[in-house]
Protein chains: 2
Amino acid sequence: MRAVLEYLEAHQQQFIEELKAYVRFPTVSAQSRHREDMLRCAQWLVEQLRHLGLQTQLHETAGHPIVLGSTPRRKGRRHFLVYGHYDVQPPEPLELWQTPPFDPSVRGGVLYGRGASDNKGQHWAHVKALEAYLRTGTELPCDLTFLIEGEEEVGGPSLETFLKRHRTRLRCDAVVVSDTGLPGRDLPALTYSLRGLAAFELELIGPNRDLHSGIFGGSVHNPAVVLCQLLGRVHDARGRITIPGFYDDVQPLSRKERQRLRRLPFSERSYRRLVGVSALFGEAGYTPNEQRMARPTFEINGLTSGYQGEGSKTIIPSSAAAKVTMRLVPNQQPQKILQRVEAFLEKHCPRSVRMNFRPGHGCSPYWLDPDHPDAQAALRALRRAFDREPLLLREGGSIPIVNRFKEVLGAETLLLGLALPDDNAHAPNEKFDLEVFARGQHMSAWLWQELATR
Amino acid sequence: MRAVLEYLEAHQQQFIEELKAYVRFPTVSAQSRHREDMLRCAQWLVEQLRHLGLQTQLHETAGHPIVLGSTPRRKGRRHFLVYGHYDVQPPEPLELWQTPPFDPSVRGGVLYGRGASDNKGQHWAHVKALEAYLRTGTELPCDLTFLIEGEEEVGGPSLETFLKRHRTRLRCDAVVVSDTGLPGRDLPALTYSLRGLAAFELELIGPNRDLHSGIFGGSVHNPAVVLCQLLGRVHDARGRITIPGFYDDVQPLSRKERQRLRRLPFSERSYRRLVGVSALFGEAGYTPNEQRMARPTFEINGLTSGYQGEGSKTIIPSSAAAKVTMRLVPNQQPQKILQRVEAFLEKHCPRSVRMNFRPGHGCSPYWLDPDHPDAQAALRALRRAFDREPLLLREGGSIPIVNRFKEVLGAETLLLGLALPDDNAHAPNEKFDLEVFARGQHMSAWLWQELATR
C-alpha cells in the first residue's frame with residue numbers, strides 16, 4: 001500500500017488539473033442546449049478510463065450516455081460497482097458566482113466550479129485511487145466497475161433500464177457511492193440510512209367558477225377553506241402526524257442510534273441562524289438532528305388558490321391545490337403511505353367539494369445495518385484515510401438509485417460522501433475541498449483492501 | 001311619459017352599441033398598467049354626458065378620475081345622485097373566457113364582457129333613461145347628478161375625499177345605485193340591506209429561503225403548514241366562525257325578515273346546478289338565502305406558497321400567504337372585527353414562524369327601513385317597469401360608498417340592482433341581460449316620477 005499512497009501524494013497537482021478539465025464541461029442535464037457537452041464529457045471520461053487500462057464503453061441511452069469501465073474480472077475476487085454522475089445542476093443564477101461556474105479555479109485549497117463537489121470531484125477520487133494501484137503495479141484486491149451516468153440531476157429513467165439490461169455484468173458484492181456529505185473536514189462519515197420520499201398533489205374543486213363572495217358567500221363551501229382544514233389537521237400541536245397508520249412501519253430509533261446522533265456536532269443557535277428562524281419546531285420528543293435525519297415528515301411544498309395578484313379579489317375560489325412531499329424512514333413504503341394519506345383526506349373531505357388526489361413519485365427509505373461486515377470495512381477505510389474515528393450518519397435526503405441497486409442488482413450501497421455542508425451543492429459558488437479530495441483518494445485506496453479481507 | 005318610453009324602445013340597438021364601446025375600455029383599477037385606460041374611459045364618459053347636455057367635469061384624484069354630470073338645479077325640485085363605477089374586476093384567468101373580456105359580444109340577448117353587468121351596463125340604463133327625457137323634451141320631475149367613479153373595485157379612498165370636498169354641490173335627497181341584483185329577469189327587487197366587508201392579508205414567514213426538505217425537513221416549521229392550521233381552525237364543523245366575539249354585534253334576523261327571505265324563489269337543486277356543486281354548505285341553522293344575504297362570513301380569496309409550477313419541488317417554502325375577506329352584517333364594524341381576527345391569529349400562531357397581518361379595506365354593513373317613503377316610491381317604479389310585484393331583498397354583497405353617502409352627505413341610498421344571479425360578476429364570462437337592461441331604463445324613467453311625487 002505504501003507505493004499506492006506515495007503515488008497519490010505525488011500526483012495531487014495532476015489530479016486537480018484533471019478535475020478542472022472535467023469540471024470545464026458544462027454538463028447540465030436539465031438544459032437541452034448542453035446535449036452535445038454531455039456527449040463530449042462522456043467521451044472524455046471514456047478516454048480517461050481507457051488510458052488507465054479499464055475495459056471501457058460509452059453506452060447510448062434514450063437520454064444521456066452512461067460510461068462503464070471495468071478492471072478484468074478475476075475468479076474468487078469480490079466485485080464492486082463504483083457509481084458517480086457527470087451531470088450537474090443548472091448554474092443559474094450566474095450573477096451570484098464569484099468566478100464562472102465552468103471555468104474552475106482554486107482559491108485557498110478549494111476548487112470552485114459547478115459539479116466540483118456534486119459529483120465530479122467525489123467519484124474522481126475513486127478513479128485516482130484505482131490509478132494509483134494500476135500505475136504502481138500494486139495488486140488490486142477487488143475487481144471494480146465504474147458506472148458514471150448523466151441523468152442523476154434530472155431523475156432520468158435511463159439508469160434503471162441500463163441496470164436491468166446489464167444485470168449480469170453489473171452483478172456485484174456492493175455498490176460504492178460518494179454522493180453524500182461528511183459533517184466536517186476532519187469528521188469522516190459512513191451514511192447508513194436515507195429517508196425515502198412520497199409525493200402527491202391534492203386539488204379540491206368547489207364551484208364551477210370563482211364566485212362573488214358577496215352574492216354566494218356563506219352558502220357555498222370555499223375549497224381554500226376546506227384545503228386549510230384538511231391539511232391543517234395533518235399535524236397535531238406536538239408536531240406528530242395524525243394520519244392513522246402513518247407511523248405503523250417506522251423502525252424506532254435505537255438507544256445506540258440516538259446516542260450516536262447526539263454525538264454529532266450541533267449548535268441549535270448556529271442552526272437557527274443558518275435557516276433564519278427565531279425558534280425551531282419539530283416532532284416532540286426528538287432532537288433536531290433526529291427530526292431531520294431519522295423521522296418522517298409531511299411537508300407542504302406549495303399552495304395555490306384563487307387570486308394571488310396585487311390587491312384583493314372578493315371571491316370564493318373555484319379550486320384550491322397543494323403540492324406535498326413526505327420524507328419516509330425505514331421501513332415505511334411510499335405506496336402504503338400514499339394510500340393512508342388518501343384514505344385520511346377522503347374521510348375528512350366534505351361532500352360539498354370534490355377531491356382530486358394525484359400520487360406522484362416515490363422512493364423507499366434506505367437502511368444498511370452498520371454492523372454489516374462491508375459497513376465495518378468501510379469504517380476501517382475511513383479511519384485509516386482520515387486518521388479519525390468515523391461517524392455513522394443517517395441522512396434526511398433521498399437517493400433513489402440506491403433502491404434501484406438493491407432491487408435490480410440485489411446489492412447494498414456503501415455511502416461514503418465527500419461533500420462538506422458548505423459545499424454549495426445545487427447553489428452558486430459550488431466548491432470542493434482539496435484536502436477532502438486527497439483524503440477521499442486514500443479512503444478509496446484503503447476501501448478495496450478492507451472490503452477484500454473483511 | 002309615453003314619449004320617454006317610446007324613445008327608449010326605439011333606441012335599444014344604439015344603447016347596446018354604446019355599452020359595447022364602454023365595455024371595450026379595460027378599466028381594471030387594481031392593475032397599474034391600466035392607468036391610461038382608466039383615464040381614456042373617464043374622458044369618453046365626459047363626452048357622452050356632455051353630449052346629452054349635462055354640465056360635466058372630469059375630476060382628477062390621487063387615484064383614478066371621477067366623472068360628474070348634472071342637469072340644471074331648479075328650485076323646489078328634489079335632487080338625486082345617481083352613482084356608478086366605470087372600473088372593473090381583473091379579468092384573469094383569461095383562458096376561461098369564451099370571448100375576450102374586453103371585446104364585448106352579444107349572444108342570445110346577452111352582452112358578454114368584463115364590466116358589462118358590474119357596473120357599466122347598470123348605470124348606463126340610468127344615463128339612457130335621462131337621455132330619453134332630454135331628447136323627447138319631457139319635463140324631468142327631479143334634478144339629477146351622475147357620479148361615476150373608478151375605484152370601486154379596489155375600495156379606493158378618492159370618492160370619500162371627493163364627497164367631502166363637493167359636499168354642497170352633491171347634497172341630495174337620496175342616492176340611487178344600481179349595483180346589486182334581482183333574483184330573476186321578472187323578479188324586480190329593492191335591496192334594503194347590504195353586508196359589510198373587512199379584508200386582510202396574512203403572511204407567515206418561516207426560514208430565510210426555501211429549504212431542502214430532505215436536509216432540513218422535520219426540524220424547521222413549514223409556514224404553509226402553519227397557515228393551513230391557523231386558517232383551518234376559523235370554522236367549526238357546523239360552519240360557525242370560531243373567532244371569539246365575531247358574532248357579538250350581529251343584529252338577529254327578525255321573524256318578518258326570515259318570512260320574507262323564505263318567500264324568495266329558491267330551488268336548492270337549481271342553485272347547486274348554477275354554482276356546480278353536489279352539496280351546499282353553510283352555517284347550521286340558517287337557509288342558504290339567509291347564509292348568503294344576512295349572515296357574516298370568512299372567506300379565503302387566495303392562497304400562495306412555495307412552488308406552484310409543473311412537477312414537484314422538495315422544499316420547505318420560506319413563506320405562505322392568504323388573502324381573506326369577511327362579509328359583515330348589521331351591526332358588525334370592520335375595525336373591531338379585524339382586531340378580533342388579528343388577536344385570534346396572533347394567539348394561535350407559533351413562535352417558530354413570523355406573522356404579518358395586514359388589514360385591508362373595510363366597509364360597514366348597510367340597512368334602510370323598507371317603510372321609508374323613498375323606498376316605497378322605488379318599489380312603485382319597479383312595479384311599473386317590470387309589471388310585477390317587487391321583492392324586498394337583503395344582499396350579501398357590499399357597497400362601501402353607501403356608507404360614505406350616509407356619513408358625508410347624510411343621504412340614504414336606494415339600491416335598485418339590475419344584475420342577474422348568473423351574471424358572473426367578478427368571474428370569467430361576465431354578462432348582462434339585455435332585456436333587464438331595457439327594463440332598467442324604464443325603471444329609471446319611472447323612478448323620477450315616483451320620487452318627485454312620493
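Of everything in segment A:296-319, what is under 30 Å from B:I215 (Cβ atoms) and either within 7 Å of chain B (Cβ to nearest Cβ) or in a strand (DSSP E or B) (or both)? Give them in sequence order. Correct list: A:T297, A:F298, A:E299, A:I300, A:N301, A:G302, A:L303, A:T304, A:S305, A:Q308. The residue that is farthest from the other protein chains (Cβ to nearest Cβ), counting only those in segment A:394-449 that are closer than 26 Å to A:A132 by Cβ and β-branched (V, I, T), is A:V436. Of the residues making up segment B:107-130, those that are part of a helix (DSSP H, G or I) and among the charged types (D, E, K, R) number 3.
Which one is modelled with the lowest pLDDT, of the residues in segment B:166-203 that are more than 14 Å from the chain's Cα centre (by Cα), of a type in the set (D, E) and assigned by TED's automatic domain parsing to the domain that holds B:G155? Of everything passing the filter in segment B:166-203, B:D186 is modelled with the lowest pLDDT. All of B:P334, B:P373, B:P365, B:P390 fail the test of being more than 30 Å from B:E92 (Cβ to Cβ), crowded, with 17+ Cβ neighbours inside 10 Å and more than 8 Å from chain A (Cβ to nearest Cβ), apart from B:P390. When segment B:241-254 is filtered for residues that are more than 24 Å from the chain's Cα centre (by Cα) and closer than 30 Å to B:R185 by Cβ, only B:S254 remains.
Listed here are the residues, each with its yes/no results for (1) in a helix (DSSP H, G or I); (2) within 30 Å of A:G282 (Cβ to Cβ); (3) in the same structural domain as B:G206 (by TED's automatic domain parsing); (4) modelled with pLDDT of 95 or more.
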site	(1), (2), (3), (4)
B:R351	no, yes, yes, yes
B:L379	yes, no, no, yes
B:L392	no, no, no, no
B:F405	yes, no, no, yes
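Any chance segment B:229-247 includes a residue that's aromatic (F, W, Y), surrounded by fewer than 18 Cβ atoms within 10 Å (Cβ to Cβ), at pLDDT below 95 and not in a strand (DSSP E or B)? Looking for residues that are aromatic (F, W, Y), surrounded by fewer than 18 Cβ atoms within 10 Å (Cβ to Cβ), at pLDDT below 95 and not in a strand (DSSP E or B), one finds none in segment B:229-247, hence no. Can you find a residue in segment A:131-153 that is in contact (Cβ under 8 Å) with a residue 60 or more places away in the chain, more than 30 Å from A:S318 (Cα to Cα), in a helix (DSSP H, G or I) and touching a Gly at 6+ places or on another chain (Cβ under 9 Å)? There is at least one residue in segment A:131-153 that is in contact (Cβ under 8 Å) with a residue 60 or more places away in the chain, more than 30 Å from A:S318 (Cα to Cα), in a helix (DSSP H, G or I) and touching a Gly at 6+ places or on another chain (Cβ under 9 Å).
Selection of segment B:419-445 for residues being part of a helix (DSSP H, G or I) and either at pLDDT below 95 or closer than 13 Å to B:G108 by Cβ (or both) yields B:L434, B:E435. I need a count of the residues in segment A:19-71 that are of a type outside the set (G, A, S) and outside any helix (DSSP H, G or I). Qualifying residue count, segment A:19-71: 20.
Just one of the numbered conditions (1) within 18 Å of A:S178 (Cβ to Cβ); (2) touching a strand residue (DSSP E or B) at 6+ places or on another chain (Cβ under 9 Å); (3) of a type outside the set (K, R) is not true of A:E131: (2).
For every residue, the table says whether it meets (1) surrounded by fewer than 19 Cβ atoms within 10 Å (Cβ to Cβ); (2) more than 28 Å from A:E435 (Cα to Cα); (3) under 24 Å from the mean Cα position of the chain (by Cα).
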site: A:M1; (1), (2), (3): yes, no, no
site: A:H11; (1), (2), (3): yes, no, no
site: A:F15; (1), (2), (3): no, no, no
site: A:C41; (1), (2), (3): no, no, yes
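Being touching a residue at least 12 places away in the same chain (Cβ under 8 Å) and out of contact with any Pro (no Cβ under 6 Å at 6 or more places or on another chain) holds for only one residue in A:L345, A:L328, and it is A:L345.
A count restricted to segment A:282-305 and to residues that are out of contact with any strand residue (DSSP E or B) (no Cβ under 7 Å at 6 or more places or on another chain) and of a type in the set (A, V, I, L, M, F, W, C) stands at 1. Being touching a residue at least 24 places away in the same chain (Cβ under 8 Å) and either surrounded by fewer than 20 Cβ atoms within 10 Å (Cβ to Cβ) or not hydroxyl-bearing (S, T, Y) (or both) is the requirement here; does B:S158 meet it? Judged against the criteria, B:S158 is a match.
There is no residue in segment A:332-347 that is assigned by TED's automatic domain parsing to the domain that holds A:R240, over 21 Å from the mean Cα position of the chain (by Cα), at pLDDT 95 or above and not in a helix (DSSP H, G or I). Filtered by the rule that a residue be over 15 Å from B:L159 (Cα atoms) and of a type in the set (D, E), segment B:400-435 gives B:E412, B:D422, B:D423, B:E430, B:D433, B:E435. Within segment A:305-331, the residues that satisfy the criterion of being among the charged types (D, E, K, R), surrounded by 17 or more Cβ atoms within 10 Å (Cβ to Cβ) and either out of contact with any Asp or Glu (no Cβ under 8 Å at 6 or more places or on another chain) or over 15 Å from A:I241 (Cβ atoms) (or both) are A:K313, A:K323.
Within segment A:165-224, how many residues are part of a strand (DSSP E or B) and over 30 Å from B:H212 (Cα atoms)? Within segment A:165-224, residues that are part of a strand (DSSP E or B) and over 30 Å from B:H212 (Cα atoms) number 4. Selection of segment B:72-106 for residues being in a loop (DSSP other than H, G, I, E, B) and hydroxyl-bearing (S, T, Y) yields B:Y86, B:T99.
Within the set A:T27, A:T56, A:T71, the sole residue that is under 24 Å from the mean Cα position of the chain (by Cα), at pLDDT 95 or above and β-branched (V, I, T) turns out to be A:T27. Out of all the residues in segment A:272-295, which are more than 8 Å from chain B (Cβ to nearest Cβ), in a loop (DSSP other than H, G, I, E, B) and either within 21 Å of the chain's Cα centre (by Cα) or not hydroxyl-bearing (S, T, Y) (or both)? Within segment A:272-295, A:A284, A:G285 qualify. Scan segment A:229-243 and tell me whether some residue there is among the polar types (S, T, N, Q), within 7 Å of chain B (Cβ to nearest Cβ) and in contact (Cβ under 8 Å) with a residue 12 or more places away in the chain. Scanning segment A:229-243, I find at least one residue that is among the polar types (S, T, N, Q), within 7 Å of chain B (Cβ to nearest Cβ) and in contact (Cβ under 8 Å) with a residue 12 or more places away in the chain, so the answer is yes. I'm trying to understand the selection: among the residues of segment B:257-271, which are assigned to a helix (DSSP H, G or I) and more than 9 Å from chain A (Cβ to nearest Cβ)? Result: B:E257, B:R258, B:Q259, B:R260, B:L261, B:R262, B:R263, B:E268, B:R269, B:S270.
Determine whether B:A322 is part of a strand (DSSP E or B) and either more than 10 Å from chain A (Cβ to nearest Cβ) or not aromatic (F, W, Y) (or both). Yes, satisfied.
The values are calculated or read from the model by the stated rules, or taken from the named source; none is laboratory data. As the structure is a prediction and not an experimental result, all values here were calculated from the model. Note: ideal-geometry Cβ built from the backbone for every residue, glycine included; neighbour counts use all protein chains shown.
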